[in-house]
Amino acid sequence: MLAAILENFNRLVLKEVPIPEPGDQEVLVRIKSCGFCATDYKAIKGIRRNVTFPLIAGHEPAGVVAAVGRGVTGFKEGDEVICQPSGYCGLCRHCREGNTHYCEHAYTTGGDGPEDIRPGAFAEYMVTGQTCLFHKPVNIGFDAAALTEPLSGAWKGMIQKSEMKVGDDVVVIGTGGIGLLCMMVAKAAGAGRLIGIDNSSYARNNAVAIGGATHVLDGASGDLKRHVYDILPDGPDLVVEAAGPIGAVNLMTDLRRRGTKWNVFGITTHEKFELDGGYTHFLEGRMDASFGTTPLAMQMAIRLMERSLVDPEKIVSHRFRLSEIHRAVEVMGQPERNKVIINP
Ligand SMILES: [Zn+2]
Ligand SMILES: [Zn+2]
């Protein structure tokens, strides 16, 4: 099969390699579609250093079952499936409390986080455990299905962790792919006013056209607190940072009024931000965060798509064949792109 093998930072090689064989409880999936995540790009470019080589990246796949290993009961050849990238034991305390993303025996196919990193989906085939698979409803296309994992992250952050309520006035800082998915979930959940903040006019236009923003603000315009409070005189009910830079986190803390919930969602680097203790105490605002996904979140994302409440395919701006992956990498480095999809 053809696979994109990352042999070292900045050395991504297209190669013919043997098709992997599924072991016990494992399934071989022929990949139809895989989302290109920023973390894949960062691994390829050496921006993220926690990579062991060789790596087949790509952790947002959907495809068709090509073969099943011994003991697989939930799936058979020909089934259309969506893959959760994070495998889990199902037996440890965290798994049993529903937090499979905290699992002490976790593995990932193509992603990062746990020590056990298995080949991902920038390839024609991938093997994963049957507990990582979900049946793809027929009315969801493969490209949308490939975005189940990022959509599930948006649902988990907005609804499960921050408990967004119908009518809430919501501010999303950073309206790239994941920010747009947060906005789409907020819209589906009945957001009141929905403000998108981004430095890029391309991203702001997407916030309106795709994310359903009622207002957008230029992140570089200065005095953003005043602009937000001009639109929301009572201040936001929920602020979500889906951007990454520490400045976005600082803006989020600045936008709080009493009772505002805030979610540290985008930043993954180890930069510091400061809070005034007493002020934070009297605000009674709740801080949440969200990373990774769980079977519950995957299931809810599938339900949102199946019921046509959210169509994540709207955020796709580019599609490439696996053989064109180097062009996809180039596009990932450009500012004016949204979600990039690889169709092996
Ligand atoms: Zn991802
Ligand atoms: Zn576990």
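Residue pairs whose Cβ atoms lie under 9 Å apart, separated by 6 or more positions or on different chains, with the first residue in region 210-236 and among the hydrophobic types (A, V, I, L, M, F, W, C) and the second exposed (fewer than 12 other Cβ atoms within 10 Å of the Cβ), are L224/D254. Listed by first and then second residue, the pairs linking a residue in region 183-206 that is closer than 15 Å to L217 by Cβ to a residue that is part of a helix (DSSP H, G or I) and among the small types (G, A, S), with Cβ atoms under 8 Å apart and 6 or more places separating them unless they lie on different chains, are M183/A207; L194/A186; G196/G179; G196/A203; G196/A207; D198/G179; D198/A207; A203/G179. Residues in region 47-89 that are surrounded by 13 or more Cβ atoms within 10 Å (Cβ to Cβ), of a type in the set (G, A, S) and farther than 12 Å from Q130 by Cα: A57, G58, A62, G63, A66. The set of residues in region 119-131 that are of a type in the set (A, V, I, L, M, F, W, C) and surrounded by fewer than 23 Cβ atoms within 10 Å (Cβ to Cβ) contains only V127.
Every condition in (1) within 15 Å of ligand 1 (Cβ to nearest atom); (2) part of a loop (DSSP other than H, G, I, E, B) is met by G74 except one, and the failing one is (1). Counting only residues that are in contact (Cβ under 8 Å) with a residue 40 or more places away in the chain, more than 8 Å from ligand 2 (Cβ to nearest atom) and more than 28 Å from V340 (Cβ to Cβ), region 85-130 holds 3 of them.
Residues in region 106-124 that are among the small types (G, A, S) and in a strand (DSSP E or B): A123 only. Just checking, does region 125-138 include any residue being assigned to a loop (DSSP other than H, G, I, E, B) and within 16 Å of ligand 1 (Cβ to nearest atom)? The answer is no, given that none of the residues of region 125-138 is assigned to a loop (DSSP other than H, G, I, E, B) and within 16 Å of ligand 1 (Cβ to nearest atom).
Look at region 143-159: where a residue is within 22 Å of L238 (Cβ to Cβ) and a partner is among the aromatic types (F, W, Y) and within 14 Å of ligand 1 (Cβ to nearest atom), sitting 6+ places away or on another chain with Cβ atoms under 8 Å, you get G153/F291; G157/F265.
When residues in region 138-159 are screened for being touching a strand residue (DSSP E or B) at 6+ places or on another chain (Cβ under 9 Å) and either farther than 25 Å from L217 by Cβ or within 16 Å of ligand 2 (Cβ to nearest atom) (or both), 11 of them pass.
Just one of the listed residues (G46, G87, G69, G113) is more than 28 Å from N139 (Cα to Cα), touching a Gly at 6+ places or on another chain (Cβ under 8 Å) and not hydrophobic (A, V, I, L, M, F, W, C), and it is G113. When only residues in region 50-95 that are within 19 Å of F291 (Cα to Cα) and among the charged types (D, E, K, R) count, which is nearest to the chain's Cα centre (by Cα)? Once the filter is applied, the top-ranked residue is E60.
No value in this document is a laboratory result; all are computed from the given coordinates. Keep in mind the model is a prediction, meaning the values are calculated, not measured. Because the Cβ atoms are built from the backbone with ideal geometry, glycine has one as well, and the counts that use them run over all protein chains shown.
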